[in-house]
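Below is one structure, written out as structure tokens; comments come after it.
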Amino acid sequence: MEWIKLLNPDRLGQSGKNAQSSARSFFEQDYDRIIFSHPFRRLQDKTQVVPLPEEDFVHTRLTHSLEVSSVGRSLGKKVGEVITEKYPELKEAGFSAFDFGAIVAAASLSHDIGNPPFGHSGEDAISDFFEKSTIGKTIKAQVSEAEWKDLTNFEGNAQGFRLLNRPDNQGIKLTLSTLAAFTKYPRPSLISERDKSRRSQKKYGFFQSEKDIFTELAEAVGLLRLSDSEAIYSRHPLTFLVEAADDICYHIIDLEDGCRLGWVPFEQARDLLAEILGESYMPEKLEKTKGKNEKIGYLRALAINALIEQCVNIFKENEAEILSGQFDTALMDLVPSKKVLRDIIAVSVQKIYRSRLVLETEAVGHVVLEGLLSSFLEAAIAQKGKEDSGQKDLTVFRLLPEAYQEMITETGSFYEISMICIDYISGMTDRYAITLYRKLKGISLPG
């Protein structure tokens, strides 16, 4: 892969048509487009890990995404400073370290945009619905094997790519480089054999409905195709930085949230973060900070900065292998702090991810999402044969946004009908999903 091609400011279908503003690069415009988009705004009421408790503030998908973007910008700029010095042709073409930072910041900002309500349990709920429900068996008989894999192995990353490229989301329309950097898993859901040694094949990054779009952008930015018969590609190099930004934040900030809520003892959280800092940890400075929350916040900032430096060093050391497609490992799996990071995850699993509040939210998510999918899919499929559509199905169908109604009416594909319903339901906030479920089930009245 070549950096000059990887930094492609074109947008799908708009190659060379738009002049770049002197105030903002195309990559900086990507960030602004995401910030003002409806899918991004909805992240303010989507669970990150811990549902919003009354007694303290914890992170939502929105605040998490903003923080990941901030870390991503720092990673991108630091790497960009090295790369632009190493390859003079980049400077000659007008690229700078700020462009690297802007691409990683925008891709990081949107990294969770496709996640459904109720955290990762929402993904499981959607998958289980198609796998186990009666209507799922009806749909299975009408779709291809690859399409069925999409539905029964729902993936928030692929949903994010779909959202960013939906025809009715023309206001987003990101540059090819940002879209490529966004895609952590550049492969479809169904492949003949997964290479378990490659991090990029752990999950998948696009549905069958967007396979042609991804293939087009992969060729445009020069990603390496790893299979002659399947749409499996190497990662865009900056994707490793997007992934690292996310990894840094959820390791450190989930621990901070757990400490603030009293689920993780202050002393335990302090010692884990201090271990990341190593010899640079100065307990006497920490003692000058008043309050446990302020102390943990101080250590969190230092730990994030230390991990940024470690990830940048790993990237620099492996840049040639990254460009050749040989390197395919998470940067955080190689940093000097990898052992303490494993310890942090172990503590988080035990005391945060398996806490009663989190488990209750996951259970609620399964019931609510399965109920919504059942109601809207039955209503949508009933419209294929209008003579069989009862008044209840028609009423529920009319609750869908008008654009979605039109798309369902125009398509004859059970797969696309399913994907449109998923678009609607996975885009809901936690609170709205619960409210609508209660109304559809007659548990509460409108108004």
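The values are calculated or read from the model by the stated rules, or taken from the named source; none is laboratory data. Since the structure is predicted, the reported quantities are computational estimates derived from the model, not experimental observations. Every residue, glycine among them, receives a Cβ derived from its backbone with ideal geometry; neighbour counts consider all protein chains shown. Ligands, DNA and RNA are stripped out before the accessible areas are found, and what is left, the full protein with its side chains, is counted by its heavy atoms. Shrake-Rupley method; radii C 1.70, N 1.55, O 1.52, S 1.80 Å.
Extension gain for I4 to I345 (0.36 nm times residue separation, less C-alpha to C-alpha distance): 119.0 nm.
Of the peptides 310-322, 181-193, 66-78, the ranking by mean beta-carbon count within 10 Å, highest at the top, reads 66-78, 181-193, 310-322. Measuring between their Cα centroids, the stretch 86-106 and the stretch 126-199 lie 30 Å from each other. A simple spin-label model places the labels of T134 and S444 2.8 nm from each other, with each point 7 Å out along Cα-to-Cβ. Near E378: Cβ cut-off under 10 Å, other residues only, Lys/Arg at +1 and Asp/Glu at -1. The net charge is 0. Which of rounded, prolate, oblate describes the stretch 305-447, given a ≥ b ≥ c as roots of the alpha-carbon gyration tensor eigenvalues and a/c under 1.5 marking rounded, otherwise prolate only if a/b is larger than b/c? It is oblate, given that a/c is not under 1.5 and a/b is not larger than b/c. Here's how it looks for T60: its modeled amide H is under 5 Å from none belonging to a residue 5 or more places away or on a different chain.
Using the rule -39500 (n - 2.57) for each DSSP H run of four or more residues, divided by the residues of the chain, the 222 nm mean residue ellipticity is -18500 deg cm²/dmol. Shape class of the chain from the Cα gyration tensor (axes a ≥ b ≥ c, square roots of the eigenvalues): oblate, since a/c reaches 1.5 or more and a/b does not exceed b/c. Stokes-Einstein, applied to the Kirkwood radius of the stretch 318-402 over Cα pairs at a viscosity of 1.306 mPa s and 10 °C, places its translational diffusion at 89 µm² s⁻¹. Spin-label model, N305/V82: points 7 Å from Cα along the beta carbon direction are separated by 2.0 nm.
Against the empirical 2.2 N^0.38 Å (N residues), the stretch 159-293 has a Cα radius of gyration ratio of 1.45. Using only Cα coordinates, the Kirkwood hydrodynamic radius of the stretch 365-433 works out to 12.1 Å. Entry comment: accessible area of the chain is 44 Å² per residue, from protein heavy atoms only and a probe of 1.4 Å.
Based on the Cβ-Cβ distance of E402 and E360, what FRET efficiency does E = 1/(1 + (r/R0)^6) give at R0 = 45 Å, to the nearest 0.05? Working from the Cβ atoms, E equals 0.80. The portion of the accessible surface of the chain made up by carbon and sulfur, rounded to a whole percent, is 49 (1.4 Å probe; DNA, RNA and ligands excluded).
If the segment from A93 to D271 were pulled out straight at 0.36 nm per residue, it would be longer than the present Cα-Cα gap by 59.4 nm. Inter-label distance, L224 to L12: 2.5 nm, where each label sits 7 Å from its Cα along the C-beta direction.
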